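Since the structure comes first, as structure tokens, the remarks are kept for the end.
The values are calculated or read from the model by the stated rules, or taken from the named source; none is laboratory data. Since we're looking at a predicted model, the values are computed, not measured. Every residue, glycine among them, receives a Cβ derived from its backbone with ideal geometry; neighbour counts consider all protein chains shown. Accessible surface areas use protein heavy atoms only, side chains included; no ligands, DNA or RNA. Shrake-Rupley method; radii C 1.70, N 1.55, O 1.52, S 1.80 Å.
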Amino acid sequence: MRTPLGNLPARQHLPVTGAALTAGTPVLDVVIPVHNEEDDLGPCVRRLHAHLSGTFPYPFRITVADNASTDLTSAVARSLADEMPEVVSFRLEQKGRGRALRAVWTASEAPVLAYMDVDLSTDLNALLPLVAPLISGHSDLAIGSRLARSSRVVRGAKREFVSRAYNLILRGSLAARFTDAQCGFKAIRGDVAQRLLPMVEDTGWFFDTEMLVLAERAGLRIHEVPVDWVDDPDSSVDLVRTASDDLRGVWRIGRALATGQLALDRLRRPFGDDPRDRELAGVPGGLARQLVGFCVVGTLSTLIYLALFSFFRLGTGSQVANALALLLSALGNTAANRRLTFGVRGHDRAMRHQAQGLVVFGIGLALTSGSLAALHTATATPSHGSELAVLVAANLAATVLRFLLFRAWVFPEPEPEPEPAPAVPTSDRSAR
């Protein structure tokens with residue numbers, strides 16, 4: 001069932017002048033998650049503070065998120081907070097980078113939230129380009145990418161291999177389009193974080209990937225910034241354990257997406273400013289996007305249908321082979337169009353949609369079976385190629401009819417909710 005969380009406002013340039021500058025609220029909150037980093041924390045924060053003070057044109061804050069350190073990291077963080085008013089120390093008693101980011105970002109009142117690793121491997125000159133699209137209202141999230149063509153990266157062969165292999169896994173298994181999930185240099189708008197973070201389950205290193213996958217699947221805009229990045233040879237990250245945890249996370253997210261367990265309808269186009277949803281004279285709402293999705297799904301399902309027909313034709317007659325192939329491909333076609341073309345997610349009314357899809361399948365079966373019967377009437381022993389040609393032509397006609405029925409009957413556009421009547425002032429009611 002759709003969760004009524006309401007819509008976020010349309011993206012627009014953040015108010016960073018006038019009253020916003022004098023209210024004491026920072027425009028940017030940069031979080032540095034740390035665990036046992038007593039030696040590196042001081043130089044990192046001072047360097048970041050000097051950079052922001054000299055280059056960032058808006059009020060900022062640096063939050064040190066100490067997650068369960070057992071050394072003097074907490075004391076160093078408190079000392080830095082006493083030394084610089086823009087620095088805040090935050091202590092968590094449980095370990096986990098994702099847990100630390102979720103806690104600080106959720107509690108922060110800043111409209112733009114960012115984080116970076118304590119080693120400052122990423123050149124800080126990329127920080128303003130990272131957050132600028134969020135301040136301007138152009139994007140919802142922003143990430144630094146070490147795999148962009150114009151990035152300049154210095155690191156060992158092992159880390160390079162792991163990074164690129166992980167990126168290929170994400171693209172192949174989760175259809176991710178962002179290029180670098182694990183670069184410790186990211187930012188998100190505060191209003192987006194309030195909606196997105198409650199859906200992110202991981203509390204460790206996979207937090208970044210899960211957040212990005214959910215954001216991308218929900219239709220949010222992710223901006224990528226090429227970065228200059230130098231590997232920290234003293235990094236304490238356990239590559240084997242991190243990779244293992246990440247692969248388990250990929251499996252969990254992939255399974256949840258495949259079964260519709262993630263309520264991404266709560267985030268899909270929450271801003272209401274998608275130009276594809278604008279009403280144009282003579283163009284039904286969403287028609288262009290639905291046509292593209294339907295054509296892609298239709299092409300793949302047609303190829304699968306023809307392959308199944310050829311397979312079943314080896315052991316049975318053409319009519320039986322056609323019925324079996326069309327039935328199996330129709331089930332997959334309905335499920336794919338339900339999610340990809342018409343944006344229906346979750347289990348709500350899934351069985352009803354499949355039942356309606358079977359009715360549409362019956363119409364397609366009548367068209368294709370009738371075409372085969374006409375072919376066999378005209379030619380006693382038609383070739384396999386002739387059968388395929390007739391089926392392709394019949395399927396084209398069935399496809400047009402299928403799209404019209406899907407759009408008008410199976411997955412109709414929801415009727416707009418009536419606007420509530422304006423409230424009558426109390427004084428007017430009493431006067432009556």
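Some points to look at:
- Ranking by accessible area, most exposed first, for H353, H347, H49 with a 1.4 Å probe: H347, H49, H353
- About its Cα centre, the dipole of the stretch 53-206 is roughly 700 debye, where the only charges are +1 on Lys and Arg Cβ and -1 on Asp and Glu Cβ.
- When you filter the trypsin sites (Lys or Arg not before Pro) in the stretch 39-115 for DSSP loop state and at most 14 other Cβ atoms inside 10 Å of their Cβ, nothing is left.
- In loop segments of the stretch 126-181 as defined by DSSP, the trypsin sites (Lys or Arg not before Pro) with at most 12 further C-beta atoms inside 10 Å of their C-beta are R149, R177.
- The stretch 316-408 - Debye-derived log10 I(q)/I(0), Cα point model, q = 0.10, 0.15, 0.17 Å⁻¹: -0.30, -0.60, -0.73
- Around A175: net Lys/Arg minus Asp/Glu count, Cβ-Cβ under 10 Å: +2
- Each Lys and Arg adds +1 at its Cβ and each Asp and Glu adds -1 at its Cβ; summed about the Cα centre, the stretch 155-256 shows a dipole of about 460 debye.
- Projecting the alpha carbon convex hull of the stretch 92-141 along each direction and taking the average yields 4.3 nm².
- 5 angstrom amide H check on V34, placed H, neighbours 5+ away: A65, D66, N67
- Ordering Y166, Y305 by accessible surface, largest first, gives Y166, Y305; the 1.4 Å probe counts only protein heavy atoms, with every chain in place.
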